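Below: one structure, written as structure tokens.
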Amino acid sequence: MPTALAYQAAAHEVMDRHLWDFVEGGAGDERAVLANVHAFDAVRLRPRVLTGCGEPSTKTRILGRHWRTPIAVAPMAYHTAFDDGGEVSTASGADRAGCPLVVSTFAGRRFADIAAATTIAPWLQLYCFKDRSVTRHVIETAEAAGFEVLVLTVDTPRLGRRLRDERNGFRLPDGVLPANLPPGDFSSPSEHSRTAFDPGLDWTVLDWLRSITALPVLVKGVLAAEDAELAIKAGAAGVIVSNHGGRQLDRAPATLDVLAEIAAAVDGRCPVLLDGGVRRGSDVLAAAALGADAVLIGRPVLHALAAEGSEGVARLLVAVAEELADTMVLTGTASLSDARPELVIGRRQPTVEL
Ligand SMILES: Cc1cc2nc3c(=O)[nH]c(=O)nc-3n(C[C@H](O)[C@H](O)[C@H](O)COP(=O)(O)O)c2cc1C
Ligand SMILES: CCCCC(=O)C(=O)O
């Protein structure tokens, strides 16, 4: 069975060193990158026996859509740096595994071409630029291509300081460009973010989004129960518990460690998704038990794409989904709604009462 670890090793063999550092790296001392993975590593599951659960269901329903398995691909910039087909390859691989793709504002392929490669309507990850006309254009292009959901990233007033990229003087490979943005100089992601991203966003950005689009908006980058509450008040259709894979705030908490607190605050009013460090089907079940309706997988998808293209993406995602089903059988969990916090040993209880 192809694992995330095996694809990581395979990608390491074939990828350019500076690009490798751009993908693997995080902000500062990379505490948050490691914290995500360590939080999952520390999980032990508490199996129940003789439950009669031999054929578990991994199905779920998110924003009115049926998902075969509670797994989507996290938004990541520039898939064309890893495979010539870029996001078109990722979308068709994810489609074969039954997983939706969240497409980055910085996708290397046109939204319409990405949408045409999958039977599952893609979601658009949105960075809100100072130039709102550009932001609006990105949304309209995605809407015209049939995208169904907006994911507003809120943890990136500017990119975190990524020391590997600083050391390497990282520049995007020649020919790697955002396909859905007006021409500009994108060669240094950190420099571009400092000039183009709006660092002064507040919750009123959701009012503005609702004034220009009817698509539901999820807020990605929530790490505190208070912010989940504010997101719902501001009209968000869901929250994504994320520390951007440890690429933003070096001392951000592991996402798994704040999930229960956020799920308790949301209390079923909207979907709660999580990303950061999800590598195994057993990680997916742990996140579901602690309150996630679905998870997003980031770096392992780029590893699989770099190593084996579209086929690699499909094989990785199918393997994680199968492992989720295995783990459900072995813990006596018949469905995702049966995954409760009692399944997980040694996690802290919610710490913030609202
Ligand atoms: C190379 C790379 C590019 C990324 N680009 C984006 C992006 O364009 N927009 C965004 O919201 N998050 C972006 N992310 C963050 C991911 O969406 C996600 O939060 C994170 O990678 C999940 O953690 P994981 O990689 O441990 O699975 C990026 C992550 C990586 C590794
Ligand atoms: C300007 C590209 C931003 C990509 C991103 O979000 C990341 O590298 O984490």
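At a glance:
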item: Residues of the stretch 248-283 satisfying the condition of being under 13 Å from the mean Cα position of the chain (by Cα) and buried (at least 24 other Cβ atoms within 10 Å of the Cβ); result: Thr255, Val272, Leu273, Leu274, Asp275, Gly276, Gly277, Val278
item: Every pair of residues 6+ apart whose Cβ atoms lie under 8 Å, when the first sits in the stretch 64-79 and is over 17 Å from Gly276 (Cβ atoms) and modelled with pLDDT of 95 or more while the second is within 11 Å of ligand 1 (Cβ to nearest atom) and polar (S, T, N, Q); result: Tyr78/Ser104
item: Residue match in the stretch 303-326 (condition: on the phi > 0 side of the Ramachandran plot, surrounded by 24 or more Cβ atoms within 10 Å (Cβ to Cβ) and under 17 Å from the mean Cα position of the chain (by Cα)); result: no
item: Considering residues of the stretch 284-302 that are closer than 23 Å to Leu101 by Cβ and not in a helix (DSSP H, G or I) only, the residue most open to solvent (accessible area, probe 1.4 Å); result: Asp293
item: Residue within the stretch 311-323 that is outside any helix (DSSP H, G or I) and either in contact (Cβ under 8 Å) with a residue 60 or more places away in the chain or not aromatic (Phe, Trp, Tyr) (or both) present; result: no
item: Odd one out for Ile297 among (1) away from ligand 2 (no atom under 16 Å from the Cβ); (2) closer than 21 Å to Ser89 by Cα; (3) among the aliphatic types (A, V, I, L, M); result: (1)
item: Residue that is in contact with a His (Cβ under 6 Å, 6 or more places away or on another chain) and either open to solvent by 10 Å² or more (accessible area, probe 1.4 Å) or within 23 Å of Trp123 (Cα to Cα) (or both), where the choices are Asp155, Asp227, Asp207; result: Asp155
item: Residue selected from the stretch 334-347 under the condition in contact with a helix residue (DSSP H, G or I) (Cβ under 7 Å, 6 or more places away or on another chain) and outside any helix (DSSP H, G or I), by the criterion surrounded by the most Cβ atoms within 10 Å (Cβ to Cβ); result: Ala339
item: Hits in the stretch 205-218 - residues which are among the hydroxyl-bearing types (Ser, Thr, Tyr) and touching a residue at least 24 places away in the same chain (Cβ under 8 Å); result: Thr213
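The values are calculated or read from the model by the stated rules, or taken from the named source; none is laboratory data. In this text the structure is predicted, and so the values were computed from the model without any measurement. Cβ: placed from backbone, ideal geometry, glycine included. Neighbour counts: every protein chain shown. We work out accessible area using only protein heavy atoms, side chains counted, and drop any ligands, DNA or RNA first. Shrake-Rupley method; radii C 1.70, N 1.55, O 1.52, S 1.80 Å.
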